[in-house]
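Visitor: Just dropping this structure here.
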């Protein structure tokens, strides 16, 4: 059996994981719920009666009963501080440097009721979402994007709906941060950065998404840091598509999804090919979870997959217990993977630990301690640095695995309580000058699956 193309958007002309159901749901939501969406997801609560409270903190519900009303009144640099409660609304942050913060991560809940499209959409540069929970939306939990057209946003996929991004019409949003966010049981992505640059996604938790727990896409350079997060029970844990340069994914726990981490290039979106991400010091284990949404391309049991990505560094990750393959490099149509370096990982105890199904000789593997590699002697034949003039190797194979049927995203097990900010009343900081200095070398190889803190 030849290597199955690991999940990538190249095979996604429609919605990614619900086999045609999600587009209908989104269309119905956009049409039949238009009055509700315009009332609670637009920035239209600008009545002259709305008064800004003294200071730089706007409180919910003390000052305004809904999150959107408070966000609309907030000024650049303000904090919108939300007390415990369930807020059945969609929120749009269009002003720059707004910090939306819950007083308790687990009891400040934005609930889409499996009828609203997006939870929190951020188009304001330098804005922040932190210390709250968002779940039950047909598309995304938290979306950071330069796509400012509300109708396009309601189509669910960062405004593009899998059409190439018009980068002239929608310039990248500069500066974003998601900290201690819990995103679960959403129809596309939990935390989604699309057409966004200069950001941090950290110490967050994402489970039960029908596509990816955390997604970074269509940015070049991305200048984005994804660190210290936990993703589980998603179709895909962390997904990077056409996301290039200055993108660092470190210290995350990616376990118990159908597929762990994917790095993709494709022409259905802008800015291909993907280039130059660093994936280091992560735990990527046991991505064989059955009680999860079905992955669109049928992927299951895969740890880290690079599909057409170029010049990526996959280093010092613990990759084990993935039934099909630990780390695999493939060539989707039109995008040969090239110059990827896979070194110093602990890739053992997988169906196949390492597999190379790319014809480009510039990909290399060294020091990953595999037991099963394909083709045989891969680390000898494709040792780093890549040998000049080396011809293509025989196509590698993964271990055959039959993916079990998935379950609806809304029925995935809810997560346990997650660590909240120790002092939610402390001064907040907008997302400026991010991500700051990043040292992937500060993230060593995890010795055990429990070596990373849980978030």
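Visitor: I'd like to verify a number: residues in segment 360-371 that are within 17 Å of residue 317 (Cα to Cα) and surrounded by fewer than 19 Cβ atoms within 10 Å (Cβ to Cβ), how many?
Guide: Residues of segment 360-371 within 17 Å of residue 317 (Cα to Cα): 364-371.
Adding the requirement that they be surrounded by fewer than 19 Cβ atoms within 10 Å (Cβ to Cβ) leaves 366-367, 369, 371.
Total satisfying the criteria: 4.
Visitor: Confirm whether residue 396 is in contact with a helix residue (DSSP H, G or I) (Cβ under 8 Å, 6 or more places away or on another chain) and either surrounded by fewer than 16 Cβ atoms within 10 Å (Cβ to Cβ) or farther than 30 Å from residue 207 by Cβ (or both).
Guide: For residue 396, the condition - in contact with a helix residue (DSSP H, G or I) (Cβ under 8 Å, 6 or more places away or on another chain) and either surrounded by fewer than 16 Cβ atoms within 10 Å (Cβ to Cβ) or farther than 30 Å from residue 207 by Cβ (or both) - is met.
Visitor: Output the residues belonging to segment 295-327 that are under 19 Å from residue 242 (Cβ atoms), modelled with pLDDT of 95 or more, buried (at least 24 other Cβ atoms within 10 Å of the Cβ) and touching a strand residue (DSSP E or B) at 6+ places or on another chain (Cβ under 6 Å).
Guide: Those that are under 19 Å from residue 242 (Cβ atoms), modelled with pLDDT of 95 or more, buried (at least 24 other Cβ atoms within 10 Å of the Cβ) and touching a strand residue (DSSP E or B) at 6+ places or on another chain (Cβ under 6 Å): 304, 305, 306, 307, 309, 312, 314.
Visitor: Select from segment 215-229 the residues that are part of a strand (DSSP E or B) and over 11 Å from the mean Cα position of the chain (by Cα) and list them in ascending order. First the steps, then the outcome.
Guide: Filtering segment 215-229 down to residues part of a strand (DSSP E or B) leaves 215-219, 224-227.
Within segment 215-229, 218, 219, 224, 225, 227 meet the criteria.
Visitor: Quickly run through segment 74-87 and pick out the residues that are over 11 Å from residue 55 (Cα atoms), crowded, with 19+ Cβ neighbours inside 10 Å and free of Cβ contacts under 8 Å to residues at least 60 places away in the same chain.
Guide: Within segment 74-87, 80, 82, 87 meet the criteria.
Visitor: Moving on. Answer with yes or no whether residue 408 is crowded, with 21+ Cβ neighbours inside 10 Å and touching a residue at least 40 places away in the same chain (Cβ under 8 Å). Give the derivation first.
Guide: Working: crowded, with 21+ Cβ neighbours inside 10 Å: no; touching a residue at least 40 places away in the same chain (Cβ under 8 Å): yes.
Taking the combined requirement at face value, the residue does not satisfy it.
Visitor: Exactly one condition in (1) over 17 Å from residue 429 (Cβ atoms); (2) free of Cβ contacts under 8 Å to residues at least 40 places away in the same chain is false for residue 100; which is it?
Guide: (1)
Visitor: Looking at (1) part of a loop (DSSP other than H, G, I, E, B); (2) under 24 Å from residue 322 (Cα atoms), find the lone condition where residue 365 falls short.
Guide: (1)
Visitor: Let me ask something additional. Output the residues belonging to segment 245-260 that are crowded, with 24+ Cβ neighbours inside 10 Å and without any contact (Cβ under 8 Å) to a residue 60 or more places away in the chain.
Guide: Within segment 245-260, 247, 249, 254, 257 meet the criteria.
Visitor: Just a yes or no: is a residue in segment 336-353 closer than 21 Å to residue 212 by Cα and within 24 Å of the chain's Cα centre (by Cα)?
Guide: no
Visitor: Given the condition over 27 Å from residue 109 (Cα atoms), in contact with a strand residue (DSSP E or B) (Cβ under 6 Å, 6 or more places away or on another chain), in contact (Cβ under 8 Å) with a residue 60 or more places away in the chain and not in a loop (DSSP other than H, G, I, E, B), answer yes or no: does some residue in segment 392-400 qualify?
Guide: No, because not a single residue in segment 392-400 is over 27 Å from residue 109 (Cα atoms), in contact with a strand residue (DSSP E or B) (Cβ under 6 Å, 6 or more places away or on another chain), in contact (Cβ under 8 Å) with a residue 60 or more places away in the chain and not in a loop (DSSP other than H, G, I, E, B).
Visitor: Now, a different point. In segment 411-437, what count of residues is obtained for those that are within 27 Å of residue 234 (Cα to Cα) and surrounded by fewer than 17 Cβ atoms within 10 Å (Cβ to Cβ)?
Guide: So the count comes out to 6.
For every residue, the table says whether it meets (1) part of a loop (DSSP other than H, G, I, E, B); (2) under 15 Å from residue 183 (Cβ atoms); (3) more than 25 Å from the chain's Cα centre (by Cα).
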{"position": "68", "(1), (2), (3)": "no, no, no"}
{"position": "71", "(1), (2), (3)": "no, no, no"}
{"position": "75", "(1), (2), (3)": "yes, no, yes"}
{"position": "80", "(1), (2), (3)": "no, no, no"}
{"position": "86", "(1), (2), (3)": "no, no, no"}
{"position": "101", "(1), (2), (3)": "no, no, no"}
{"position": "105", "(1), (2), (3)": "yes, yes, no"}
{"position": "110", "(1), (2), (3)": "no, yes, no"}
{"position": "113", "(1), (2), (3)": "yes, no, no"}
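Visitor: Still on this structure, I have one more. Based on what the data block shows, is residue 414 closer than 30 Å to residue 117 by Cβ and in a loop (DSSP other than H, G, I, E, B)? Give the steps one after another, and end with the answer.
Guide: Numbers: closer than 30 Å to residue 117 by Cβ: yes; in a loop (DSSP other than H, G, I, E, B): yes.
In short, yes.
Visitor: Here's a follow-up. Kindly list the number of the only condition in (1) out of contact with any strand residue (DSSP E or B) (no Cβ under 9 Å at 6 or more places or on another chain); (2) over 30 Å from residue 136 (Cα atoms) that fails for residue 403.
Guide: (2)
The values are calculated or read from the model by the stated rules, or taken from the named source; none is laboratory data. Note that this is a predicted model, so its numbers are computed, not measured. Cβ atoms come from the backbone with ideal geometry, glycine included; neighbour counts cover every protein chain shown.
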